[in-house]
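A.B. asks: Submitted below is the structure of interest, expressed as structure tokens.
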Amino acid sequence: GESVGLHLPTLSVQEGDNSIINCAYSNSASDYFIWYKQESGKGPQFIIDIRSNMDKRQGQRVTVLLNKTVKHLSLQIAATQPGDSAVYFCAENSRSQGNLIFGKGTKLSVKP
Amino acid sequence: DAGITQSPRHKVTETGTPVTLRCHQTENHRYMYWYRQDPGHGLRLIHYSYGVKDTDKGEVSDGYSVSRSKTEDFLLTLESATSSQTSVYFCAISDRTSGRGTGELFFGEGSRLTVL
């Protein structure tokens, strides 16, 4: 399948542990943020989003935290499973920017 | 899964030949996008469309053109392919607006293009 990248930062975790994937964004005017998951050979899939008027949002086993002061976004995955192995991208958007800007991604590897 | 079909999924061509990639959606979404994905660069926007016959450039549009004659189809054309255009190309669609239009994107499965 299509390879995502050879030079991505990698996070390796044990099955059942919690994972934290970090992202620094660039535009202080960004007001909308999304996390995507990309499995090998597939297109990115939406995981969770958050708007700048929030600092935390929870989904099913995932939590996104937003720290606007330091322009930092994180994705927390609880009880990580082998099926969570993928590349995770953050993306940011602002009204002035118009289109999503994607980060380069982090590869999550889950050890059984 | 969103109804997005990209074709061809794999293509090998030679430098200087024209190439057209097709994206077809069954969701009736207004916005359609073409991205390329390369190691070390992540996803970069090539062109996008905000309606039939309405298109605009992204950050890496040089060497690419697009057309959208119907809501469901968005074509990406490389008039004269170069080796630097070897990449994985993703189509995406969106129906939500956030600012100028980008909310959640739904992606196709990708088209791997190799230019020899």
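A.B. asks: Read through the list (1) surrounded by fewer than 21 Cβ atoms within 10 Å (Cβ to Cβ); (2) within 30 Å of B:Gly3 (Cα to Cα); (3) modelled with pLDDT of 90 or more, then give the number of the only condition that A:Asn22 fails.
C.D. replies: Status for A:Asn22: all satisfied but (2).
A.B. asks: Something else: Here is a list of conditions, (1) in contact with an Asp or Glu (Cβ under 8 Å, 6 or more places away or on another chain); (2) in contact (Cβ under 8 Å) with a residue 12 or more places away in the chain; (3) within 14 Å of chain B (Cβ to nearest Cβ); (4) part of a strand (DSSP E or B), and A:Ser30 meets all of them except one; can you say which number that is?
C.D. replies: (4)
A.B. asks: Continuing with the same structure: Name the one entry in B:Pro39, B:Pro18 that is open to solvent by 50 Å² or more (accessible area, probe 1.4 Å), more than 15 Å from the chain's Cα centre (by Cα), without any contact (Cβ under 8 Å) to a residue 12 or more places away in the chain and at negative phi.
C.D. replies: From the options B:Pro39, B:Pro18, the qualifying one is B:Pro39.
A.B. asks: I need the full set of residues from segment B:19-32 which are farther than 12 Å from B:Leu113 by Cβ and modelled with pLDDT of 95 or more, in order please.
C.D. replies: Result: B:Arg22, B:Cys23, B:His24, B:Gln25, B:Thr26.
A.B. asks: Continuing with this model, one more query. Of all residues in segment B:47-62, how many are open to solvent by less than 20 Å² (accessible area, probe 1.4 Å) and more than 11 Å from chain A (Cβ to nearest Cβ)?
C.D. replies: Summing the residues that are open to solvent by less than 20 Å² (accessible area, probe 1.4 Å) and more than 11 Å from chain A (Cβ to nearest Cβ) in segment B:47-62 gives 3.
A.B. asks: Which count do you get for residues in segment A:63-88 that are touching a residue at least 24 places away in the same chain (Cβ under 8 Å), crowded, with 17+ Cβ neighbours inside 10 Å and over 16 Å from A:Thr106 (Cα atoms)?
C.D. replies: 1
A.B. asks: Could you go through segment B:21-31 and let me know if any residue there is surrounded by fewer than 21 Cβ atoms within 10 Å (Cβ to Cβ), touching a residue at least 24 places away in the same chain (Cβ under 8 Å) and within 11 Å of chain A (Cβ to nearest Cβ).
C.D. replies: No; the residues of segment B:21-31 include none that is surrounded by fewer than 21 Cβ atoms within 10 Å (Cβ to Cβ), touching a residue at least 24 places away in the same chain (Cβ under 8 Å) and within 11 Å of chain A (Cβ to nearest Cβ).
A.B. asks: Of A:Lys107, A:Lys42, which residue is within 11 Å of chain B (Cβ to nearest Cβ) and within 25 Å of B:Phe90 (Cβ to Cβ)?
C.D. replies: Testing whether each residue is within 11 Å of chain B (Cβ to nearest Cβ) and within 25 Å of B:Phe90 (Cβ to Cβ) leaves just A:Lys42.
The values are calculated or read from the model by the stated rules, or taken from the named source; none is laboratory data. Note that the coordinates shown come from a computational prediction; the quantities given were computed from them, not determined experimentally. Backbone-built Cβ (ideal geometry, glycine too); neighbour counts: all protein chains shown. Keep in mind that these areas ignore ligands, DNA and RNA; they rest on the heavy atoms of the full protein, side chains included. Shrake-Rupley method; radii C 1.70, N 1.55, O 1.52, S 1.80 Å.
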